1. Name the residues in the stretch 83-102 that are closer than 12 Å to Ala47 by Cβ, in a loop (DSSP other than H, G, I, E, B) and under 14 Å from the mean Cα position of the chain (by Cα), would you?
2. Could you tell me how many of the residues in the stretch 33-61 are assigned to a loop (DSSP other than H, G, I, E, B) and free of Cβ contacts under 8 Å to residues at least 24 places away in the same chain?
3. Being in contact (Cβ under 8 Å) with a residue 40 or more places away in the chain, of a type in the set (Val, Ile, Thr) and closer than 21 Å to Ala16 by Cα narrows it down to one of Val175, Val189, so name that one.
4. Would you be able to say whether some residue in the stretch 122-134 is buried (at least 22 other Cβ atoms within 10 Å of the Cβ), in contact (Cβ under 8 Å) with a residue 40 or more places away in the chain, part of a loop (DSSP other than H, G, I, E, B) and of a type in the set (A, V, I, L, M)?
5. Any residue at all in the stretch 122-130 that's of a type in the set (Asp, Glu) and closer than 28 Å to Ser176 by Cα?
6. Identify, from the list Ile78, Ile84, the residue that is of a type outside the set (Gly, Ala, Ser), crowded, with 24+ Cβ neighbours inside 10 Å and within 26 Å of Ala132 (Cβ to Cβ).
7. Taking the residues in the stretch 37-59 that are in contact with a helix residue (DSSP H, G or I) (Cβ under 6 Å, 6 or more places away or on another chain) and of a type in the set (A, V, I, L, M, F, W, C) as candidates, determine which candidate is farthest from Glu134 (Cα to Cα).
Amino acid sequence: MDQHQIIKDIFGVNRALIGVIHVGGLPGTPSHHRSLPEIIETAVAEAHLYVSAGFHGVVIENTHDRPYLKGAVGPEIIASMAVIGHEIRRALPSAPLGVQILAGANQAALAVALACDASFVRVEGFVFAHVADEGIIESSAASLLRYRRTIGAEGIRVFADIKKKHSAHALTADVSLVETAKAAEFFLVDGVIVTGISHRSTYRRRRSARRRIGHQRPRPRRLRHHLGKSRRLRCRRCADRGIRREARRRVVEPAR
């Protein structure tokens, strides 16, 4: 539960739908085959799609920079992401923007967010440790929040993945998802992101986690439409799913 109203402060609603813009392969990476202006044009177009579909904000991520470096990226990636973020902010100044830089380049993401006036960053390895594709990812909370203070970016919120997908968590098998969330809260995170072992399992795991920590909402009833049984007034959750499906169908770059 968002007791501090952070989501509402950023997005203007209690429950926000955020679209991820998977930017094309950036300079210096194996998948880089388009010019930076072309990558920017696609990213801005996708941001427009998300906002027009009813999303409350967007986040940019260097998804196609595989294989990912661990914990840090080169200046060419930071500069490219900053320019992309700036152009999205200029095109959609009222849409909150977030930044994630893979893999676990959390300080770089914070620097980009400050440069392009983003509202939040998504980070990995905030508390505890796990084994990712790139190797062992260790806790970054202490250095990250000190860096945020140093560069004067305390207005940028930090949302952290816990028990992150595409990773092995045998190192912390005796630490539950709930206890991990509590540890992140104790280490002053602004919000946590719950995923499964992969993209498909994310929704099921989020629902299970919410039930276990006592924040599961009652499921809204579906009401029959007055024009006939075949038409129904859908609940908000169903409407959100439809928006996401439409956005995924229309977005040019596929998700990881």
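1. Hit for the stretch 83-102 is Pro96, nothing else.
2. Going through the stretch 33-61 one residue at a time, the tally reaches 3.
3. Val189
4. yes
5. Yes, the stretch 122-130 contains a residue that is of a type in the set (Asp, Glu) and closer than 28 Å to Ser176 by Cα.
6. Answer to the check: Ile84.
7. Here the answer is Ala53.
Yes or no, residue by residue, for (1) among the charged types (D, E, K, R); (2) closer than 15 Å to Ser94 by Cα; (3) at pLDDT 95 or above:
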position	(1), (2), (3)
Asp9	yes, yes, yes
Ile21	no, no, yes
Leu26	no, no, yes
Arg34	yes, no, yes
Ile40	no, no, yes
His56	no, yes, yes
Asp65	yes, no, yes
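The values are calculated or read from the model by the stated rules, or taken from the named source; none is laboratory data. Everything numeric in this text was worked out from a predicted model, so none of it was measured. Ideal geometry is used to build each Cβ from the backbone, glycine not excepted, and the neighbour counts take in all protein chains shown.
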